[in-house]
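The values are calculated or read from the model by the stated rules, or taken from the named source; none is laboratory data. The shown structure was predicted, so the numbers you read here are calculated from the model rather than taken from an experiment. Please note: Cβ atoms are built from the backbone with ideal geometry, for glycine as well, and neighbour counts cover all protein chains shown.
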Amino acid sequence: MALTIDDFKEKTVEETIRELKTDPHKGFSSEEVKKRLKEFGFNEIPEKEEPLWHRIFRRFWGPIPWMIEIAAVLSALVKKWEDFTIILILLFVNAFVDFWQEHKALSALKVLKEKLARKALVLRDGKWQEVDAREIVPGDIVKLKIGDIVPADMKLIGGGDYLLVDQSALTGESLPVTKKPGDVVYGNSIVKKGEMIGVVVATGLNTYFGRTVSLVAKAEREQRSHFQEMVIKVGNFLIIVAVIIVTILVIIELMRGTNKIELLRYALVLTVASIPVALPAVLTVTMAIGALDLARRQVIVSRLAAIEELAGVDVLCSDKTGTLTKNQMTVSTPYTVRDYKPEDLMFYAALASKEENRDPIEIPIFDWLKEKGIYEKVKECTQEKFIPFDPVRKRTEALVNCRGEKLYVTKGAPQVILSLSNPHEFDVKEAYKKVEEFAENGFRTLGVAVKKPDEKLFHFVGLIPLFDPPREDSKAAIEEAKKFGVEVKMVTGDNIAIAKYIARILGIGENIISARELREATNEEYAELAGIIAKAIMRVEGLSEEEAEKKAKEVVKLVEKELEHTKLKVGTVKRHESEIIKIIEEANGFAEVFPEDKYFIVDKLQKAGHIVGMTGDGVNDAPALRKADCGIAVSNATDAARAAADLVLLKPGLMVIIKAFEIARQIFGRMEAYTIYRIAETIRIIGFIALSIIFFHFYPITAIMIILLALLNDIPILAIAYDRVRISPKPVRWDMYEINVMATYLGLAGVVESFVAVFLLFKYFHLPIDLIQTVVFLKLAIKGHGTLYNTRIMDHLWKKPWPAPILWAATYWTRIIGTIIGVYGFGLMTPAGWGWALFMWGYAMVWLFINDSVKLWVWRMYKEKKFMFAPGHFKFLKKVFSA
């Protein structure tokens, strides 16, 4: 039976101990520990790795690998060993690049596993022993003290008054939380203050932390990038084209009585011609070059496909604490009464603090004094007695001696401090109103009071509002994101009041909702009743918001029983998924979220068709970072968050992401241009070869020429990674229908230009077949990269941005090399001479501008939906083109 922390949250300490069958005074015996280890397993995160052989095998399974492998088999059958060797090299290079990228991305679960606490102090056989945390079992009695990492989910049972626990990396809360006997603590949170004994209730994957790991693993299994989908779609489209053309040719050639070996050779030529063997490699290199560019701007890319995903992000879910805010408590505008000044308020607050304790609540008080230049005044006083904060008193108190004058100073929960103060010295109603105002804005408020030793009541000095302030660049970054068409949604573990306050400052929006509303919505009566009760409890008993809310729920349960026989129905109602998605899309942010909620939000946005980016810094963000299309770990992120993320920021703030959007869209533009070019070239070559075989009964180019053209076209095209492109002001994503339409028309234009050339050479110039093949090779080598100039911008090819010098040089010199090969032959083909070479240069240039006109006409007609391939026309063709 799997035990989780949720099973014990509402149970008493006695019920918990009884259900776990443990002894809080002796602990378990060694024999009982062995039994429970067999039942519950070790307190660790099991690591299930995919076998190495399977990871390797996957690289050779799929549409594009199949096409390459078929081409290799056909090459072997007709004993074209040079073709066979080149094809295999391309196959293994693509497989290696893909395998290496995945290998680097498999570190998330390992890092999460290493985050578990190593040792723990456990009561075994009646005595305290230090044991490995992995050997802890449910029911173990564990002692927690300052500095400890909690080894598992536990219920606190006593041995101390309270614990101050930092669980920000797990829940996203910006401040340490106070835990007392009866409360639960999560594994991998950190004890900041206090000492207490707890009983283990959940271990391993059943812990809160373990469920976070499970979400990361789930996201890892489910995730497949849009880039991978696009490559598969391109492969599928070209397979359809190749199958149709090969089938037509086979039928025609069988009717002609062609030798089967020759027919096999036809299939080889067309198969090789139709395979985009370099497509994955070129796109990967393009993204790798982009990754280097991002690295220079302090953005490290751990998954290359994330660059393409970043270009399409239209919703950015941003963690609040440490991402939008500084994760550093700061004093807002203090409130004082009577003649007290803010300097007096902060001075007395410092006297009721211990600087050496480095308490997150007290640090900003000393920082404020140092900033104002009055810190030295505190040093003139000495603490003769100090009573630290505890959950019962809810305040600190000190007896201080300032230049011979003794004073009692206290600070803590405002309601408590106000109750100890003389109500006749200030406007009590105004003070309570101010407390509520600060609470509504999400401030953590401290009350401060002072008195002399002979006085009975304190003199109320004022209130210190504390909050985690936004980063200086957060608002500007959010505004820039909006300019790029990206909506920023804040996601935080803090309460709604804090979330709304920060969202208002940053201009994110006012529609901030609780994550609890996403899965289940309470009836209006229930929500209103619980809220009223919580506020009443806060006022009457002086409890914190969290404690009051907990008590309110208990009261509501009692009220529900009393209402069972009335018309007023109080309970929960499930919401339809479409309604939840609508709520998420319309919300500006979410508060009170847990790791599963962040994962849930990202998942629903993805189901609504959004490409989602997620920023975060803690373990609690890891599942959502992995699930998101583009997970971004910010500069102060934990190892677990960095391992789960696709991008890691080395520079603080969100502004660096805005630059990353720009670079990513630039890279996307390069990849899109190359993809259109690659598909068009494939159609150009196989369509031309098919027509030549059908009408002229001969190969227009030989198999070795096809291989040479592939090398000349694809190797230097890597320089496209440095090309200049127009940057889209809106998110971009792969539109395979649009890409295939553009590529098909450009490809067909290329078929026409090549077929016209062969027709002229064959019918009018009466050249021998071997010379025609060389001249056609010259034409294809010279004109090949011209198609790229047509596809790189959707405007006239002479318009800006002009090609990058490195791209121009690479494509120019490969044409020169192709020309020299065609002119002299080098034993690979019949020499054509410089006369035919110059003729083909002129012929190619004329068609370069003709194809440019075709491109602009198709683009205009497509956008205006005026011709047959526009969306909505010929649905069957649309399905084929979308592949």
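Summary table
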| quantity | calculated |
| --- | --- |
| Filter result for I658 (in contact with a helix residue (DSSP H, G or I) (Cβ under 8 Å, 6 or more places away or on another chain), within 28 Å of I806 (Cβ to Cβ) and surrounded by fewer than 22 Cβ atoms within 10 Å (Cβ to Cβ)) | yes |
| Qualifying residue in the stretch 134-151 (condition: over 18 Å from N43 (Cβ atoms), modelled with pLDDT under 85 and in contact with a helix residue (DSSP H, G or I) (Cβ under 6 Å, 6 or more places away or on another chain)) | no |
| Sole residue being assigned to a helix (DSSP H, G or I) and surrounded by 15 or more Cβ atoms within 10 Å (Cβ to Cβ), chosen from L761, L797, L838 | L761 |
| Per-region count, the stretch 12-50, residues out of contact with any Lys or Arg (no Cβ under 8 Å at 6 or more places or on another chain) and modelled with pLDDT of 85 or more | 22 |
| All positions within the stretch 488-532 that are assigned to a loop (DSSP other than H, G, I, E, B) and modelled with pLDDT under 90 | T492, G493, D494, N495, E510, A515, N523 |
| Sole exception among (1) modelled with pLDDT of 85 or more; (2) part of a helix (DSSP H, G or I); (3) surrounded by fewer than 20 Cβ atoms within 10 Å (Cβ to Cβ) for I683, by number | (3) |
| Neighbours by Cβ (under 6 Å, 6+ apart or cross-chain): first from the stretch 733-757, under 18 Å from K233 (Cα atoms); second buried (at least 21 other Cβ atoms within 10 Å of the Cβ) and modelled with pLDDT of 90 or more | R733/G312 |
| Search result, residues across the stretch 750-770 that are touching a helix residue (DSSP H, G or I) at 6+ places or on another chain (Cβ under 8 Å) and not small (G, A, S) | V751, E753, F755, V758, L761, F762, L767 |
| Complete set of residues in the stretch 651-708 that are aromatic (F, W, Y) and in contact with a Pro (Cβ under 9 Å, 6 or more places away or on another chain) | F661, F688 |
| Test for F688: is it of a type in the set (F, W, Y), buried (at least 24 other Cβ atoms within 10 Å of the Cβ) and either assigned to a helix (DSSP H, G or I) or touching a residue at least 24 places away in the same chain (Cβ under 8 Å) (or both) | yes |
| Answer from E376, E425, E371, E397 - the residue that is surrounded by fewer than 17 Cβ atoms within 10 Å (Cβ to Cβ) and in contact (Cβ under 8 Å) with a residue 40 or more places away in the chain | E425 |
| Every pair of residues 6+ apart whose Cβ atoms lie under 9 Å, when the first sits in the stretch 234-257 and is closer than 14 Å to F695 by Cα while the second is surrounded by fewer than 19 Cβ atoms within 10 Å (Cβ to Cβ) and among the charged types (D, E, K, R) | E253/E262 |
| Cβ pairs under 7 Å, 6+ apart, first in the stretch 428-439 and within 14 Å of T333 (Cα to Cα), second aromatic (F, W, Y) | K434/Y335 |
| Residues located in the stretch 678-730, provided they are touching a Phe, Trp or Tyr at 6+ places or on another chain (Cβ under 6 Å) and either of a type in the set (D, E) or closer than 30 Å to V486 by Cα (or both) | I720 |
| Residue in the stretch 294-338 that is nearest to A622 (Cα to Cα), counting only those that are surrounded by fewer than 20 Cβ atoms within 10 Å (Cβ to Cβ) and within 19 Å of the chain's Cα centre (by Cα) | I300 |
| Residue list for the stretch 717-740, restricted to those being under 21 Å from G784 (Cβ atoms) and either not charged (D, E, K, R) or not assigned by TED's automatic domain parsing to the domain that holds L797 (or both) | I717, L718, A719, I720, A721, Y722, V725, I739, N740 |
| The lone exception for A743 - which of (1) buried (at least 18 other Cβ atoms within 10 Å of the Cβ); (2) out of contact with any helix residue (DSSP H, G or I) (no Cβ under 6 Å at 6 or more places or on another chain) it fails | (2) |
| In the stretch 731-740, the residues that are of a type outside the set (S, T, Y), in contact with a helix residue (DSSP H, G or I) (Cβ under 6 Å, 6 or more places away or on another chain) and assigned to a helix (DSSP H, G or I) | M736, I739, N740 |
| All positions within the stretch 373-422 that are hydroxyl-bearing (S, T, Y), out of contact with any helix residue (DSSP H, G or I) (no Cβ under 7 Å at 6 or more places or on another chain) and not in a strand (DSSP E or B) | S419 |
| Complete set of residues in the stretch 379-394 that are among the aliphatic types (A, V, I, L, M) and in contact (Cβ under 8 Å) with a residue 12 or more places away in the chain | V392 |
| The stretch 797-813, residues that are more than 34 Å from the chain's Cα centre (by Cα) and within 21 Å of R684 (Cβ to Cβ) | L797, A810, T811, Y812 |
| Top-ranked residue in the stretch 637-680 [being of a type in the set (D, E) and either assigned to a helix (DSSP H, G or I) or not assigned by TED's automatic domain parsing to the domain that holds T321 (or both); ranked as farthest from A749 (Cα to Cα)] | D639 |
| Contacts under 6 angstrom Cβ, first residue in the stretch 824-844 being of a type in the set (S, T, Y), partner in a helix (DSSP H, G or I) and surrounded by 19 or more Cβ atoms within 10 Å (Cβ to Cβ), 6 or more apart | T830/T774 |
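Condition check ((1) assigned to a helix (DSSP H, G or I); (2) of a type outside the set (G, A, S); (3) more than 37 Å from the chain's Cα centre (by Cα); (4) modelled with pLDDT under 90) across all residues:
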| residue | (1), (2), (3), (4) |
| --- | --- |
| N790 | yes, yes, no, yes |
| R815 | yes, yes, yes, no |
| W834 | yes, yes, yes, no |
| I850 | yes, yes, yes, no |
| V854 | yes, yes, yes, yes |
| V858 | yes, yes, no, yes |
| Y862 | yes, yes, no, yes |
| F869 | no, yes, no, yes |
